[in-house]
1. In the structure displayed, which of Lys344/Lys459; Lys216/Lys290; Lys8/Lys240; Lys142/Lys285; Lys216/Lys288 lie more than 19 Å apart, Cα to Cα?
2. Taking a spot 7 Å from the Cα of Asn25 along the direction of its beta carbon, which residues of region 78-99 have an amide N less than 16 Å from it?
3. When each pair of different Cα atoms in region 332-451 is counted once in the 1/r mean, what is the Kirkwood radius in angstroms, to one decimal?
4. Quick one: accessible surface of Lys506, probe radius 1.4 Å, all protein chains present, in square angstrom to the nearest 10.
5. Counting heavy atoms of the protein chains only and a 1.4 Å probe, report the per residue accessible area for region 98-221 as a whole number of Å².
6. What FRET efficiency do you get for Asp437 and Ile375 if R0 is 22 Å and r is their Cβ-Cβ distance, rounded to the nearest 0.05?
7. What list of whole percents do you get for P(r) of region 258-310, with Cα-Cα distances grouped in 10 Å bins up to the one holding the largest distance?
8. Suppose we keep just the DSSP beta bridges with both residues in region 1-140; what percent of those would be antiparallel, to 5?
Amino acid sequence: MKEQDWRKSVVYQIYPKSFNDTTGNGEGDLKGIIEKLDYLQFLGIDYIWLTPIYESPMNDNGYDISNYLKVNENFGTLDDFKLLVKEAHQRNIKIMMDIVINHTSTEHQWFKEAIKSKDSPYRDYYFFRSSEEGPPTNWESKFGGNAWKYDEQTDEYYLHLFDVTQADLNWDNPDVRQALYKIVNHWIDFGVDGFRFDVINLISKGEFKDSKKIGKEFYTDGPRVHEFLHELNQNTFGNKDMMTVGEMSSTTIDHCVKYSNPNRQELSSVFNFHHLKVDYPDGEKWAKGKMDFHQLKEILMNWQLGIYEGGGWNAIFWCNHDQPRVVSRFGDDSSEELRQASAKTLAIALHMLQGTPYIYQGEEIGMTNPHFKSIEEYRDIESLNAFHYLKSQGYSEQHILEILDQKSRDNSRTPMQWDDSENAGFTSGESWIATADNYQKINVEQAMKDSESVLHTYKALINLRHQNDILTYGNIEPMYMDHNQLFVYRRHYRHQTWLIIANFSKDEVTLPDDLDISGDTIIQNGTVNQHKISGFGAIVIETAK
Ligand code: TEU
C-alpha cells in the first residue's frame, strides 16, 4: 500500500446495485466491481466508498441492515468481498465500508426478539414507548408520516426516523454500543480501511417531547453524541490507520469541528448537506426550485473557513446516491456542449476546495438525471412516499413528476453507463431501474477515447490533488462573493497562491477589472482572457503572491 497522508485522498463512491452486473439478474454485484477496478485505478482514486452490502430486505437499498456480518446474496458472497478487498489493495485502492448503526432493519434478529415481549432482553435495544392517545410524539419520519409505528403484539410504539422498517437503535443502552463496536471491529479485522457512518449525528436522542416543527431539534447532534463517537473511536478504529467520515444530517459547523478535529478522537471527517439545499424553496425539498447561487457560495465558503479554522476536516462533494446529478442540477444538460462545459467547471470549482473530494459513480463522465416521464419508472421509497403524499394534497400527477425529475434520489441511481450497448453495458438482463436514454453518447468507453472528455478533467483533478500540497493544506480566501455568475477564490500555502475562477452561467462573463489573471495556468476549461471567460468556463492559475 502506498503510504500517504489520508488527507490527500480522493474517494470514489460505488452504489453496487447500479454499478456493474455480472450475473444478468439486473442488479450490480461485487464481482462487477472487481471487473472495473482497473478503470478506477486508471482514474487514480485512493478509496472506494462502498454503500451497504450487508444482508438486507432492501426496502431502502441496504440502509436497512438485517445482518451486519453477512453479505447480501444479491451482491455475492463473503469470498467475493474478500477478493474485492484484496484486488483493490493490489491496485493501491482502499475500501471504506458504509455502516448504518443509527438503526437496523426490523428484520434484524435484535428487533425480532424485541417485539416478542416487553420483557425481551432486546426490548431496550430500540425505543419502545406506550401511549394511549396515538404516537408518543409528533415527530415526523424523514421519509414522511409520523416517526412512531404502533406494534400490535406488544401494544407499544417504536421509533423510526426513516422508513417503518428502519427502527432506531437505543445508544443510551451500553449493550447496544458494545454490540455495535464488535461489528465495527469484525470488519476492521476483515481488512477494510475505513468507514462511512450513516446519519451518525442522530444516534443520541434527547427527550421525547412534542415538537413545534418536525422533531429534529431533539435528536440532531443530540446530548451524548460526542461522548458516543469518542467511545466508538476508542473501542474500534482509533489509533489505526483508517479514514472515517460521518454523514451529518442538518448539523452545524461547531458540531462538525468537534466531530472531526483529531484532538477529540471522534471521526476523521464530516459530510454536511447545507450546500445541497440551495434549490429547496423555503427549505422544502418536494417543490421545484432554482438554485440560489449566492447562497451556494456563502454556505460553501462558511464551511470551508469554519472547519479549517476549527481544525476539522470537510468531505467535499456535489453528488451521492441521495442527490440528483449535479450537471442537471447546478450545470446544464440541455445540450451536449453545455453538459460537457458545465460538468467540467463544476468539477474544477469543487476539487480546488479544501477537504476530501468525493466522486459519485458516473459523475466523472458527466452522467445526467434520467428525466423519467412516469411514476412506474421510480423505485426509491422516499420518492414513492412523496408522490403519494403530494397526490393526497391535491397536486397534479404532471406537477409531481416534474418535482421528482428534479429531486428524486433515483436520479443518481440509474445504471452506470459503461458503453453504448443495451443497458449501457450494465447488465445483460433486465435492469432493476431504467437506464438514462443518453447512454449511447455518455459512457465510459466513449469518454476514455476522447481526451477532451469530462472523465479526463476528473483524472487531471485527482492527479493535481496528489501532486500539490496547496490543495490539501492551503487555506482559502473567498473573493467576489457578490458576483452573480462567478465563483472565485484563492488558495494560499507557504509561498504559493492559486486563483480559481469558475463561471456558473452559460453566458460569457466579463471579468471584474481588478481581477488579475496573470500567472501559470494549472487547468482550464473553455476560453479565458484578461477580460472575459466563456460560458461555464473555469481556470486555475498559479499567481505571484
Ligand atoms: O441518508 C440520510 C438523510 O437524511 C438523507 O440523505 C436522506 O436520504 C434524504 O436527503 C431525505 O430527503 C442516509 C443514506 O444516505 C440514505 O440513503 C438512507 O436512506 C438514510 O440515511 C437512512 O439510512
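1. As for pairs spanning more than 19 Å Cα to Cα, those are Lys216/Lys290; Lys216/Lys288.
2. The answer is 78-81.
3. After inverting the mean inverse Cα-Cα distance, the result is 15.8 Å.
4. Accessible area of Lys506: about 120 Å².
5. On a per-residue basis, 41 Å².
6. FRET efficiency, Asp437 to Ile375: 0.80.
7. 23, 40, 25, 12, 0
8. Antiparallel bridges: around 20 percent, rounded to the nearest 5.
The values are calculated or read from the model by the stated rules, or taken from the named source; none is laboratory data. This one's a predicted model, so the numbers in the text were calculated from it and none came from an experiment. So basically every Cβ, Gly included, is an ideal-geometry build from the backbone, and we count neighbours across all protein chains shown. We work out accessible area using only protein heavy atoms, side chains counted, and drop any ligands, DNA or RNA first. Shrake-Rupley method; radii C 1.70, N 1.55, O 1.52, S 1.80 Å.
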